[in-house]
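A short write-up of the structure that comes next.
Rule-based calculations on the coordinates, nothing more; no lab input. Bear in mind the structure is a predicted one, so any value in this text is a computation, not a measurement. Neighbour counts run over all protein chains shown; Cβ positions are idealised from the backbone, glycine included.
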Amino acid sequence: MFHTLLTACSIPPYSIVKKKVAHTIREKEKLVLRIRRIRGQIEALERALTDEIECSDVLQLITAARGALNGLMAELVEDHVRFHVLDPKQKPTSEQALAADELVDIIRSYLK
């Protein structure tokens, strides 16, 4: 559904590249569960706005949804770095692996 929506909108420069990625396939079930929880948070936000809930509660719901999305983004970026940027055959103590760990830590703290 999401893909057909994007295809129907076809807003450049956004596009979905259909490319199989081992880490997202391996973690698919866990990622889909996270997406479903995020969807539930967004639906709660919509209900709060529809029901004219107090603005501080709405802001709290937005903060929770944003945190969940940022957590998902951080996890996917980390997996991307580990599976596509680093050489999987390289020792985890290499200089490149340590730099990747630092980068992941920076991204995670930025997304908090």
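Observations
- A straight Cα-to-Cα reach below 14 Å connects Lys91 with the aspartates and glutamates Asp101, residues fewer than 8 places away in its own chain not being considered.
- Residue-by-residue Karplus 3J(HN,Hα) for the range 98-112, coefficients 6.51, -1.76, 1.60, Hz, glycine and proline x: 5, 5, 5, 4, 4, 4, 4, 4, 5, 5, 4, 5, 5, 7, 6
- Rounded to 0.05, the FRET efficiency of the Arg37 and Val77 pair, given R0 = 22 Å and the Cβ-Cβ distance, is 0.70.
- Dipole magnitude of the range 37-87, debye to nearest 20 (Cβ charges: Lys/Arg +1, Asp/Glu -1, about Cα centre): 120 debye
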